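This report refers to the structure that appears directly beneath it.
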Amino acid sequence: MAGMEWGQPHQVLYGILLGVAFGIIARLLMLRTDYRQYPTYPHGRIIHISLGVIAAALGAVAVPAMYKKDYTAITFLTLAAQQFRDVRKMERETLSKIDSMELVPRGTTYIEGIAMVFEGRNYLVIFTALMTSFASTALGLLWGIVAGCLTLIIVYILKSGKTLSHIAEAAVAPVRIDGPDLFVGDIYMMNVGLASNRELVAERGIGVILTPYNANGKATLGNLGQRQAILFDLSTILGVYRDDGEPALVPMAKLDMKDGRLGIFLLPQELNAEKARVVVQRVPILESAVRMPTEASVNKGEGEPSG
């Protein structure tokens, strides 16, 4: 295969088929229905797999098309990008409607992050198919397989982002009631007025405190969307001991204004404080919630005003 000239019909066909195959494998590798139950099974997964097949086909045929100087292939890729942006919009609208029915909602920041991920994964599929098709058509079938495997490794690395364990340390903290005031450790959470609710908090309450490693972590934990993501993941995995119309029992997260620590309080169905701590550590860091004040030039000592 390696000795063949570029453009022989069967070699081009092999390149396209191999590109499509590796593109579909890449999409399947990135497709997972987990505790968030999204994409739904089976219909949600069928939609995303179908879009993955389309993305793989577009990436695979782009190389032979451009080799034959059919530059309309670029136009098709542009149209595909527009379609995937529409997919992102569709995901955002769907999840927003679902979110209004949740006892503990995801929040708009989490929803935007999920929509962004699904759009980006289609581009990774195009990239996989494009690289595989190019290597197979230009160098031979064996090199196409090698390129496909390398891109799958890249896809696997990019599949998941960082978690809160990278920016903060989570520790179980005692939940205590001081009169009507509720504390997690030494962090004030809220006022609990009813005696029945105070008894329930004392019986079932679990507290976790996140201590950021640096100023970047402190700023990220201060984002309301990131906090809501923590509460959603905890409530989804451990359950939530409340029903609609009970605001006093809603899980909450509040900052200690002095040092930036984040106190988290919840009333779970499953009373397991250690599991709650592990869940908090594994909450994804939302891309739109990331803040890096230490990267500002003023904090690096650059760009000092003269005079």
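The values are calculated or read from the model by the stated rules, or taken from the named source; none is laboratory data. No experiment lies behind these values; they were computed from the predicted model shown. Quick reminder, even Gly has a Cβ in these numbers, built from the backbone with ideal geometry, and neighbours come from all protein chains shown. Ligands, DNA and RNA are excluded from the accessible area calculation, which covers all protein heavy atoms including side chains. Shrake-Rupley method; radii C 1.70, N 1.55, O 1.52, S 1.80 Å.
Would any residue of the stretch 158-198 have its amide N under 16 Å from a label point 7 Å out along Cα→Cβ of GLN281? List them or say none. 162-173, by backbone N distance to the label point.
Spin-label model, THR211 to THR75: label points 7 Å out along the Cα-to-beta-carbon direction sit 6.2 nm apart.
The mean sequence distance of close C-alpha pairs (under 8 Å, at least 6 residues apart), as a share of the length of the chain, puts its relative contact order at 20 percent.
When GLU287, GLU274 are compared by accessible surface with a 1.4 Å probe, the order from highest to lowest is GLU287, GLU274.
Per-residue accessible area (protein heavy atoms, 1.4 Å probe) orders ARG291, ARG282 as ARG282, ARG291, starting from the largest. Stretched out straight at 0.36 nm per residue, the stretch from VAL298 to ILE47 would grow longer than its current Cα-Cα span by 85.7 nm. Ligands, DNA and RNA aside, SER160 has an accessible area near 80 Å² when probed at 1.4 Å.
A 1.4 Å probe run over the protein chains yields, for the chain, 52 Å² of accessible area per residue, whole-number rounding.
The computed semi-axes √(5λ) of the Cα gyration tensor in Å for the structure shown corresponds, within [x] 48, 23, 16; [y] 29, 27, 19; [z] 41, 35, 19, to [x].
Working note: 222 nm ellipticity from helices only, DSSP H runs with n ≥ 4, each -39,500 (n - 2.57), summed and divided by the residues of the chain, gives -18500 deg cm²/dmol to the nearest 500. Shown here for the stretch 246-281: trypsin sites (Lys or Arg not before Pro) in loop regions (DSSP other than H, G, I, E, B) with at most 15 other Cβ atoms within 10 Å, namely LYS258.
Ligands, DNA and RNA excluded, the heavy atoms of TYR67 present near 110 Å² of accessible surface to a 1.4 Å solvent probe.
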